[in-house]
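First up is the structure itself, then whatever we jot down about it.
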Amino acid sequence: MMSILLFTRMGRQVSSTEEANRTNLIRLYLEQMLSQVQGVEAGHRGFLLTGDSSFLQSFRESKDEINTDLAALHTLAVGHDSHQQVDTLRSLIDRRMFLIDSVIRVYSSNAPGVNRGSVQAALMPGRIVMDQIKEHTNRLVQTEMQLYNSEQRLKERNRNAASLFALLLIIFVFIVFTLAYVSLNRQLRISKDYLQQKQLALEDLEEMDEIYRNAEELATLGSWQWNLQTNLFKCSENLFRIYGSEPRQEDISFNRFMSFVVPEDRETLVKNILSAINKREAVVVAYRIVRADKEIRHMRAYGKLKAGSCDIMLGATQDVTDLKMAYEQLSAVNKELAAKNRELEQTNADLASFNFIASHDLQEPLRKIQTFVSFLEESESNLSETGKFYLQRMERAAARIRALIQDLITYAHATSQGKEWSDVDLNVVLNNVLQSLHHIISEKNANIQVDKLPVVQGSIFQLQKLFEHLLNNSMKYHKPDNPPVISIKSETITNDDGVLAELEAGRVYHKISIADEGIGFEQEFAGKIFGVFQRLNVQGDDVGSGIGLAICKKIVQQHGGVIKARSVPNEGSVFDVYLPA
């Protein structure tokens, strides 16, 4: 629309320019013609005054030029308001030319009666016509001048309008091009983003394809597509490798596939596949193949008709030879474990029988011995000092045997008891232990210092036995001239970088330390003392059973911890118990 308006304005501008040019030409011809008419007037006057015919030559030439100019004026005035005025002017000029010709003829004839007076009389109408010509020419010039000025104003308006429309058109074109550029740039960005997304999707697809191929190799798996119409298979590269062949691009036929299958498995395999196709169900089949190197491999395949298709079956085949071997090995291990479990159950039954025997049958004779010793001490007052000494030795020996039996029962109980744990407050446990050992603590005048202890998961019975044995051990092996001094402290630690190899790295543990100022032992024996029937110090009859620290170790292990010993001879020992926090 802007272009049409600009074109229209430009057309008007051209029209105004042409009209202005036409007006200028008319004015030019009018002035030229008026000059020529005046020249004709002057030529014929010169002839009349001098009688010289040479003046008539310029008269005739000017007359021809006047006719030419009149013809040009007529052509320029056609179709315009000045056309009629040009015709009128032509008539006046023709009239003037006729009058001049008449005067010249009269003057040239030398007829009788021709004198200056008659010539002057003949010139009078010519003067009137000449005045009319001048007046008419001036009016026509003024008319054309007005028209020229009007056209100039119109031309100026058209030029201004054209400039405005041109500016508007430039602005419009700029806006259009800007919008087009923005739109094109946006489309380019969209296209670029689309291409980038497509490239990323392609890269993701390639990456997923690589991951899928790696997964196939890792799982000894291969995928396939079976066209039931052409009876051809498309197989993944790894499926060729599973079958012991080099990967290739061409499809393989069903008959070629069946040639790998062990003959004994072919009928069952075909039957299962046909049944799945007819019922449009998924099929899972197991079969064996013979590879090119004559190795027999066990396969497991899954297949199903493609959704919406009756001619394409999709599936995957896995080499399960290693899985089958692992399963067979696992079955053998399970059988072995089952046998071991039966043996363990028998051992537990024997241990339960031992506990019963130790609790009843072994302790019954001890009770009788202690009863008879006590009876003899009370009834036989005339016993010699030697007899009394032997009776005391018998009583202490029976007590040690009884303690040994109790420790054996405790050790067996710690080994076989199930893990039915609960929250155990070690402060309560230790308080119970101190009450049960009150007699020994008072007898030995022991000084026991206790910090606040944590709450742990475990068996309250076993943890109580743990503290009983540790405190008994510290009080038993104190320095002869000094009463026992025992301190029990607790702190929380983290097994950073697996400093304690027996414990889980990075886990938090409660460290409970039982320290004494007893006789101590050489550090090289720190691991030996936790063995069954291991004694480092033997002092008369008060030697213990040799099982107490072994019981402690077993209880701590049952609770997922570890027990360590540190000692310096004649300075004392420290037992560190680590229990999970």
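Being open to solvent by 30 Å² or more (accessible area, probe 1.4 Å) and touching a residue at least 60 places away in the same chain (Cβ under 8 Å) is the filter here; which residues of region 454-468 pass it? Across region 454-468, the qualifying residues are 457, 465. The residues of region 473-504 that are exposed (fewer than 13 other Cβ atoms within 10 Å of the Cβ) and part of a strand (DSSP E or B), listed by number, are 491, 492, 494. Within region 549-569, restricting attention to residues that are farther than 19 Å from residue 460 by Cβ and modelled with pLDDT under 90, the residue that is least open to solvent (accessible area, probe 1.4 Å) is 550. Looking only at residues of region 458-484 that are of a type in the set (A, V, I, L, M) and at pLDDT 90 or above, we find that the one that is nearest to the chain's Cα centre (by Cα) is 463. Among (1) modelled with pLDDT of 85 or more; (2) assigned to a helix (DSSP H, G or I), which single condition is residue 210 missing? Every condition holds for residue 210 apart from (1).
Reported count of residues in region 200-213, each being open to solvent by 90 Å² or more (accessible area, probe 1.4 Å) and of a type outside the set (Ser, Thr, Tyr), is 5. Considering only residues that are over 60 Å from the mean Cα position of the chain (by Cα) and among the hydrophobic types (A, V, I, L, M, F, W, C), look in region 435-453 and name the one that is farthest from residue 492 (Cα to Cα). The residue in question is 440. Pairs meeting the criteria (first residue in region 261-284 and under 17 Å from residue 231 (Cα atoms), second residue open to solvent by 90 Å² or more (accessible area, probe 1.4 Å) and not in a loop (DSSP other than H, G, I, E, B), beta carbons under 9 Å, at least 6 apart or on different chains) are 276/304. Only a single item in (1) surrounded by 13 or more Cβ atoms within 10 Å (Cβ to Cβ); (2) farther than 21 Å from residue 304 by Cβ; (3) of a type in the set (Gly, Ala, Ser) is not met by residue 222, and it is number (2). Only a single item in (1) open to solvent by less than 60 Å² (accessible area, probe 1.4 Å); (2) in contact with a Pro (Cβ under 9 Å, 6 or more places away or on another chain); (3) not small (Gly, Ala, Ser) is not met by residue 241, and it is number (1).
The values are calculated or read from the model by the stated rules, or taken from the named source; none is laboratory data. Computed from a predicted model, the values in this text were never measured in an experiment. When we count neighbours, we look across all protein chains shown, and the Cβ atoms used for this are built from the backbone with ideal geometry, even at glycine. These area figures cover heavy atoms from the full protein model, side chains too; ligands, DNA and RNA do not enter into them. Shrake-Rupley method; radii C 1.70, N 1.55, O 1.52, S 1.80 Å.
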